[in-house]
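One structure below.
The values are calculated or read from the model by the stated rules, or taken from the named source; none is laboratory data. All values derive from a computational prediction rather than experimental measurement. Cβ sites come from the backbone with ideal geometry, for glycine too, and all protein chains shown count toward neighbours. For accessibility, only protein heavy atoms count, side chains too; no ligands or nucleic acids. Shrake-Rupley method; radii C 1.70, N 1.55, O 1.52, S 1.80 Å.
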Amino acid sequence: EPEVTQTPSHQVTQMGQEVILRCVPISNHLYFYWYRQILGQKVEFLVSFYNNEISEKSEIFDDQFSVERPDGSNFTLKIRSTKLEDSAMYFCASIGRGRNTGELFFGEGSRLTVL
Amino acid sequence: GESVGLHLPTLSVQEGDNSIINCAYSNSASDYFIWYKQESGKGPQFIIDIRSNMDKRQGQRVTVLLNKTVKHLSLQIAATQPGDSAVYFCAERGGSQGNLIFGKGTKLSVKP
């Protein structure tokens, strides 16, 4: 079964450092997302991406965050200057055309720890 | 305030029993709801969805019930198995395609 893959599985960084989280969505999917989950809390929407541009973003997705799809396969989330409160599990997700919204395929996540 | 939430944070059931996980939502205009399962160390996995023009939908061993009058959603798992142990989240459609608002989750533990 096709799956969304994410790297790294765990990254530890110092506050103020830049972090890039990478995702390879399912190959024929067209819509891409980043969600985050602070430990023990609910999953929160960050951003959606379609046709090489952001289609929607949440209040969490401030100027410190950016996304891009540089080579047609990878989908990256960059945090320019990490803060302690950015520590969370970050999930990439994708969906194909014509699928129901809920049928997002999530990756296994990248755990970010900011010290 | 929070749009989607859950009544109980944990639920423990005996293997073979039926499980019922509940969810309350506050946005009466919500038109689409989903249940996700999240196993330890993994991403959420789609279980079943329901649109607001329905009040019940069945899948394999799972049933989702929607009561729009009281803005309540439930997930019923028949003959619960150890593999069903996970955190279960309800979610509703937020904005555009793929923007989901998740509730806090209920941790289901299945005792053998």
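With all protein chains in place and ligands, DNA and RNA left out, the 1.4 Å accessible area ranks B:Met54, A:Met89, A:Met15 as A:Met15, B:Met54, A:Met89, largest first.
Taking Cα centre as origin and charging only the Cβ of basic (Lys, Arg, +1) and acidic (Asp, Glu, -1) residues, the dipole magnitude of the protein assembly as shown rounds to 380 debye.
Fully extending the segment from B:Lys42 to B:Ala79, taken as 0.36 nm per residue of separation minus the present Cα-Cα distance, adds 11.0 nm. Average the reciprocal distances over every distinct pair of alpha-carbons in the stretch A:75-115, invert the result, and give the Kirkwood radius in Å. Across the stretch A:75-115, the inverse of the average 1/r is 12.0 Å. Contact order for chain A, expressed relative to its length and based on alpha carbon pairs under 8 Å spaced 6+ residues apart, stands at 38 percent. Counting only protein heavy atoms and a probe of 1.4 Å, the accessible surface of the stretch B:39-112 is 48% carbon and sulfur. Rounded to the nearest 20 debye, the dipole size of the stretch B:2-112 about its Cα centre is 80 debye, using +1 on the Cβ of Lys and Arg and -1 on the Cβ of Asp and Glu.
Net charge near A:Gln17, counting Lys/Arg +1 and Asp/Glu -1 over other residues with Cβ under 11 Å of its Cβ?
Result for the local shell: 0.
Here A:Asp71 sits with roughly 90 square angstrom of accessible surface, probe radius 1.4 Å. The Cα atoms of chain B cover 41, 28, 23 Å along the three principal axes, with the biggest extent listed first. Across the options B:Thr80, B:Thr10, B:Ser52, the greatest Cα extent toward the positive end of the charge dipole of the protein assembly as shown (unit charges at beta carbon of Lys, Arg, Asp, Glu) belongs to B:Thr80. Shown here: the protein assembly as shown, whose C-alpha atoms stretch 48, 38, 36 Å along the first, second and third principal axes, sorted largest to smallest.
The value of relative contact order for chain B, using C-alpha pairs under 8 Å at least six residues apart, is 37 percent.
At full extension, A:Gln17 and A:Gln41 could sit 6.2 nm farther apart than now, given 0.36 nm per residue minus the alpha carbon distance. For A:Thr7, the solvent-accessible surface computed with a 1.4 Å probe is close to 80 Å², ligands and nucleic acids excluded.
Cross-link pairs exceeding 27 Å between alpha carbons, from the set A:Lys83/B:Lys71; B:Lys68/B:Lys104; A:Lys83/B:Lys37: A:Lys83/B:Lys71; A:Lys83/B:Lys37. Computed with every protein chain present, the accessible area of A:Leu39 is close to 140 Å² [probe 1.4 Å]. Model label sites at A:Leu115 and B:Ala29, defined 7 Å from Cα along the beta-carbon direction, differ in position by 4.7 nm.
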